[in-house]
Amino acid sequence: MTIILKEKILKKKFKIAIMGLGYVGLPLAISFAKKGFETTGYDINIKKINGLSQGISDIEDISNDVLRTCLEGGKLQLTTTPTALSSADAIIICVPTPLTESMEPDMSYIQVAVDTIKKNAKKGVLISLESTTYPGTTREIICTAMEEEGFTLGTDFFACYSPERVDPGNKIFQTENTPKVVGGVDHVSKELGETLYSQVIHEVIAVNSTEVAEMSKLLENTFRSINIAFINEMALLCEKLGIDIWETIEASSTKPFGFMKFTPGPGIGGHCIPLDPMYLSWKAKSKNFYSRFIELAHEINHLMPDKMSEHVVETLNQHKKSINGSSVLLVGMAYKENSNDLRESPGLQIFELLRKRGANVAFCDPKAPQFVDEQGGIQYSIPLDYSQFNDYDLVILLTKHDVFDIDKIGKNSQLILDTKDILKNSFEDKKRTYGKVGNQIKPISKEEVQI
Ligand code: SAJ
């Protein structure tokens, strides 16, 4: 059986279905279609499917031309019809795994996908889960659902887990050249998963269980969350010590081994780093294990927007301005450079915090030109017209898109709070850099106070 299925994969006769055509699923569908596999892209969002079917990509990393080529080549079919899954030899799940209001795993998207699969999949199907989730999900949710539906593992279905490692906007690492971990619920599932992914991805690392594969993804992103929280705390400490954290990081980064550079900032955004560690923390608690590192990192990172708001008050105050009634411009609202993604962006929290303190807050981000605020109103970016920057009492640099002319921002702003050391050593007279001494606002000592 295994040999037959592997042969079918190697001959590109394996029909592929990708569930969830977001920043992970669409590039993966394109990769399989480009390699000559009959690929069905399935999504529940009719508007998305209609747009993609017209050759209009809604994913930054996939151009309209690439999408149209795959559609015109006939290897890529797009649908919202679950029965289209019935001919698939492999079904790859790429649906969201957000958190609930109470910061617990929201498994509803995976559950809906699995319910759809078990009702439509054919015998012999290989199911691969890519969504970031807690260790045990593949076995506990997918295998259980399929077996309840009468599928027998090892003959009627196979299951593996292969974490997505898509870094939106990364021009160097994309689907094909980013090493891919894959683990199976049993040996045959692992072999089939490894064979399948090896058809489209240059380097595939097969591990001995889905739990290892699931845990490896959470380890990657929890590592990142903890280290970002650590450097944020070091920045807060260096401010107390009157030491420039940015220069310190550059100095430490000269160590060619045993050090990895992270930089402080206004908080963390995106759909991975703020969320993924909470999946691991949740699973740990189910085993009566409290991960202090994960919880502390979450706490520190989520405190940063408040810290930035305090810096805004101090910066305005140093120039004899009250935040209440001041006009403030946030520059770069997307959660990271050259991204249009606003999810969990600290800029959104800072916007609301400053508004609550009475500031008149606007923002400028050509990549992310609008968002819905906490009151349900739509906030629109001001145009990227540097002459308007001078109208604001304070300009806050949050995210540095390549489209920004940093020198023009510096020249056209009265006062700047630089949260990411974007201006480096320029415009010292009009800026305060979070975590930097020199333009640091230090408490006046008793001796300095003129009586
Ligand atoms: N951030 C810092 N300091 C840092 C690094 C990041 O404050 O030193 C902030 C960013 O500004 C952002 C947030 O953290 O708000 C997340 O940044 P990120 O660079 O981790 O970007 P993401 O969310 O796109 O993370 C993705 C992840 N990829 C996947 O989950 C597949 C992550 O594993 C990657 O390591 C990361 O991209 C990457 O390396 O670019």
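The values are calculated or read from the model by the stated rules, or taken from the named source; none is laboratory data. Values in this document were obtained by computation on a predicted structure and should not be read as measured data. So basically every Cβ, Gly included, is an ideal-geometry build from the backbone, and we count neighbours across all protein chains shown. Note: accessible area is taken over every heavy atom of the protein model, side chains too, but ligands, DNA and RNA are not part of it. Shrake-Rupley method; radii C 1.70, N 1.55, O 1.52, S 1.80 Å.
Pairs meeting the criteria (first residue in region 328-349 and within 9 Å of PHE363 (Cβ to Cβ), second residue within 11 Å of the ligand (Cβ to nearest atom) and of a type in the set (Val, Ile, Thr), beta carbons under 6 Å, at least 6 apart or on different chains) are GLY332/THR399.
So is ALA284 open to solvent by less than 60 Å² (accessible area, probe 1.4 Å), modelled with pLDDT of 95 or more, within 13 Å of the ligand (Cβ to nearest atom) and among the aliphatic types (A, V, I, L, M) or not? First the steps, then the outcome.
Working: open to solvent by less than 60 Å² (accessible area, probe 1.4 Å): yes; modelled with pLDDT of 95 or more: yes; within 13 Å of the ligand (Cβ to nearest atom): no; among the aliphatic types (A, V, I, L, M): yes.
No; evaluated as a whole, the condition is false for this residue.
Test ARG343 against the criterion of being part of a helix (DSSP H, G or I), assigned by TED's automatic domain parsing to the domain that holds ASP244 and open to solvent by 20 Å² or more (accessible area, probe 1.4 Å), and give yes or no.
no
Can you name the residue in region 222-278 that is hydroxyl-bearing (Ser, Thr, Tyr) and within 12 Å of the ligand (Cβ to nearest atom) and is also nearest to GLU164 (Cα to Cα) among such residues? This residue is THR222. From the list LEU52, LEU76, the lone residue that is in contact with a Ser or Thr (Cβ under 8 Å, 6 or more places away or on another chain) and in contact (Cβ under 8 Å) with a residue 24 or more places away in the chain is LEU76. Every listed requirement among (1) assigned to a helix (DSSP H, G or I); (2) out of contact with any Ser or Thr (no Cβ under 9 Å at 6 or more places or on another chain); (3) open to solvent by less than 30 Å² (accessible area, probe 1.4 Å) is met by PRO277 save one, (2). Within region 103-125, if we keep just the residues that are open to solvent by less than 80 Å² (accessible area, probe 1.4 Å) and among the hydroxyl-bearing types (Ser, Thr, Tyr), the residue that is nearest to the chain's Cα centre (by Cα) turns out to be SER108.
Of the residues making up region 150-196, just one is without any contact (Cβ under 8 Å) to a residue 40 or more places away in the chain, away from the ligand (no atom under 15 Å from the Cβ) and among the polar types (S, T, N, Q), namely THR152. Annotation: of all residues in region 21-74 being more than 22 Å from LYS180 (Cα to Cα) and of a type in the set (Val, Ile, Thr), the one that is surrounded by the fewest Cβ atoms within 10 Å (Cβ to Cβ) is ILE46.
Here ILE231 fulfils each of the conditions (1) open to solvent by less than 20 Å² (accessible area, probe 1.4 Å); (2) in contact with a strand residue (DSSP E or B) (Cβ under 9 Å, 6 or more places away or on another chain) apart from (2).
Based on this model, can you work out whether ASP421 counts as surrounded by 20 or more Cβ atoms within 10 Å (Cβ to Cβ), within 29 Å of the chain's Cα centre (by Cα), in the same structural domain as LEU330 (by TED's automatic domain parsing) and part of a loop (DSSP other than H, G, I, E, B)? In short, yes.
Only one of the listed residues (GLU239, GLU247, GLU214, GLU164) is assigned to a loop (DSSP other than H, G, I, E, B), of a type in the set (D, E, K, R) and either open to solvent by less than 50 Å² (accessible area, probe 1.4 Å) or in the same structural domain as LEU296 (by TED's automatic domain parsing) (or both). That residue is GLU164. Within region 367-388, not a single residue is in contact (Cβ under 8 Å) with a residue 60 or more places away in the chain, of a type outside the set (A, V, I, L, M) and touching a strand residue (DSSP E or B) at 6+ places or on another chain (Cβ under 9 Å).
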